[in-house]
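First comes the structure, then the notes that go with it.
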Amino acid sequence: MRLARFAFPLCALVLSACAGAPGGECHGTQWYRIGLNDGMQDAQEEAARYQTSCGAAFDRAQYQEGFRDGLARRPKPPAAK
């Protein structure tokens, strides 16, 4: 019974380790595409979440390249008259 009491919190902790990555998986993730999508949404805070969730599996260079490209694709607001 004692083991069962600790099993659930332990499982929850393990499963949440990579929950920050899209689809819950860190390895094999296409970080450029995720950065591109985040850039188009101007979701600047996501990189820190992926870094925390995925650690060394997070490819910051690929993500940032995609993010820059995504920002460049955002529609520009109309010029003020």
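The values are calculated or read from the model by the stated rules, or taken from the named source; none is laboratory data. Please read these numbers as outputs of a predicted model, since none were measured by experiment. Note that each Cβ is placed from the backbone with ideal geometry, even for glycine, and that neighbours are counted across all protein chains shown. We work out accessible area using only protein heavy atoms, side chains counted, and drop any ligands, DNA or RNA first. Shrake-Rupley method; radii C 1.70, N 1.55, O 1.52, S 1.80 Å.
Under the convention that each Lys and Arg Cβ holds +1 and each Asp and Glu Cβ holds -1, the size of the dipole of segment 29-81 around its Cα centre is about 280 debye.
If we sort 45-53, 27-35 on the protection proxy, mean other Cβ atoms within 10 Å, highest first, what's the order? Write out the running numbers ahead of the final one.
Details: 45-53: 15.1, 27-35: 17.4.
With the highest mean Cβ count within 10 Å placed first, the list reads 27-35, 45-53.
Probing with 1.4 Å while keeping every protein chain in the model, the per residue accessible area of segment 38-81 equals 71 Å².
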